[in-house]
Amino acid sequence: MKKSILIIILLYSGIIYAQEKTFFLKSGDKVSGTLTAETDSTYAIETTFGSVTINKKDIKPEEAIVYLKSGDKLKGVILSESDEGIKVKAQFGEVSISKEKIERIDFKSMGAVGRGFKRPGQTEDGRWYYGKERLIDVYFDPTGYTVGDNVLYLSLLSWGYGLSDRFQITSKWGGYFLGDLNFRPKYTVFKKGTLKSEHAFAIGGHFHMRGYPSKYELKTVKDYSVNWENETDTTWYEPRNEWRRVGEEGYLFDEDRGGDKMWMEYFAAYTISNLKKSGQGRVNHTIGATLTTYPGYDPMPRAYYAIHADARRNLKLIFEAFYDPYWASALEFADNKEITEVDFDFGFIYAYSESLQIGIHFQRPWIAFYYKF
């Protein structure tokens with residue numbers, strides 16, 4: 001019996017000390033390894049370059065702002081961390097917080113790497129669980145997130161406002177000039193998980209009073225020229241294929257251009273956001289689908305997968321693959337023929353500041369820009 005208790009104690013002790021931890025020191029050093037022992041004044045760490053002992057007084061206090069899902073926030077020094085939660089020394093005392101209750105953590109240790117320790121690709125030190133921007137759309141395809149409570153944004157093509165943390169309304173203001181009063185509500189049905197792995201699912205729709213959807217089809221066009229001295233003398237040319245928007249019989253500015261029908265788009269998106277092992281940013285995976293309905297056409301589907309990762313706090317890299325039989329790439333437009341129903345997009349979003357974001361990507365319209373208020 002005593003042997004069993006001793007074995008249990010030894011196993012339990014091994015679990016306690018066999019933890020991967022990273023220490024940020026006042027000298028600017030960063031030491032990572034397995035915690036093997038602890039005293040009142042030191043930590044014993046097994047690292048890739050051997051066993052080391054760290055004095056607790058040499059550890060740089062890690063200040064942070066902890067945002068809770070309840071809407072509360074705490075500012076203080078993080079005393080300890082585990083898979084279950086963290087302990088924070090706030091102004092009013094020490095507080096233990098379960099990780100399920102934490103919305104996000106912003107660390108004050110975020111900053112540039114000190115001189116002598118910088119190498120290519122390493123421009124930031126400390127931990128930052130979130131970049132400066134969390135995407136609500138991968139260009140034109142939605143993610144599981146909304147813009148945030150009481151946030152207003154304006155882009156080159158649209159504007160939007162967050163009525164709450166889970167509900168937003170956006171609209172393409174460019175359509176207003178053609179009489180297309182449109183709005184796009186989006187609701188995050190659930191957002192759950194922990195700081196290490198978060199899941200969010202959103203649904204919504206885009207409702208248009210008129211205009212054409214961003215869907216394309218090849219149509220046969222027959223051009224002609226008229227002899228104005230003798231209008232009965234008309235020369236017809238060989239028919240050719242040309243990409244036109246769905247529902248567009250004539251050109252956009254033709255006298256009889258149509259586009260006076262109401263149409264809808266419905267969507268659903270599921271995003272998984274995982275914290276990197278380095279503690280610097282996240283890798284996000286989104287799968288989603290849209291369904292566009294236009295009078296006289298069968299429902300037009302689109303399915304997509306996107307990965308968007310934090311390369312820096314202010315830089316997000318994006319890749320997307322999608323299936324859309326009603327999309328025409330720049331190459332298909334140039335050749336006036338359909339090449340494939342599966343296409344891809346890639347690019348980046350750069351956060352110039354907390355408010356201003358700019359980006360470039362492969363598919364039309366190539367440039368992304370939006371400003372948050």
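The values are calculated or read from the model by the stated rules, or taken from the named source; none is laboratory data. Note that the coordinates shown come from a computational prediction; the quantities given were computed from them, not determined experimentally. No Cβ is skipped: glycine too gets one built from the backbone with ideal geometry, and neighbour counts run over all protein chains shown.
So which strands (runs of 3 or more DSSP E) stay within the range 60-160 end to end and still have 1 or more residues that are over 25 Å from SER353 (Cβ atoms) and either aromatic (Phe, Trp, Tyr) or at pLDDT below 85 (or both)?
So the answer is 73-81, 85-90, 93-98.
Considering only the range 258-286, state which residues are among the hydroxyl-bearing types (Ser, Thr, Tyr), closer than 27 Å to ALA311 by Cβ and modelled with pLDDT of 95 or more.
TYR270, THR271, SER273, THR286
Could you check LYS186 against (1) in contact with a Pro (Cβ under 7 Å, 6 or more places away or on another chain); (2) basic (Lys, Arg); (3) within 28 Å of SER355 (Cβ to Cβ); (4) at pLDDT below 95 and say which number it fails?
(4)
Looking only at the range 230-242, decide whether some residue is within 30 Å of ARG302 (Cβ to Cβ), at pLDDT below 80 and assigned to a loop (DSSP other than H, G, I, E, B).
Scanning the range 230-242, I find at least one residue that is within 30 Å of ARG302 (Cβ to Cβ), at pLDDT below 80 and assigned to a loop (DSSP other than H, G, I, E, B), so the answer is yes.
If I go through the range 169-202 residue by residue, how many of them are of a type in the set (A, V, I, L, M, F, W, C) and within 30 Å of LYS277 (Cβ to Cβ)?
Residues flagged as of a type in the set (A, V, I, L, M, F, W, C) and within 30 Å of LYS277 (Cβ to Cβ) within the range 169-202 amount to 6.
If a residue has to be farther than 17 Å from ALA269 by Cβ and among the polar types (S, T, N, Q) to count, how many in the range 146-157 make the cut?
The total comes to 2.
Within the range 300-346, which residues are buried (at least 17 other Cβ atoms within 10 Å of the Cβ), part of a strand (DSSP E or B) and small (Gly, Ala, Ser)?
ALA306, ALA309
Scanning the range 33-53 for residues that are exposed (fewer than 13 other Cβ atoms within 10 Å of the Cβ) and under 17 Å from LYS277 (Cβ atoms), which turns out modelled with the lowest pLDDT?
THR48
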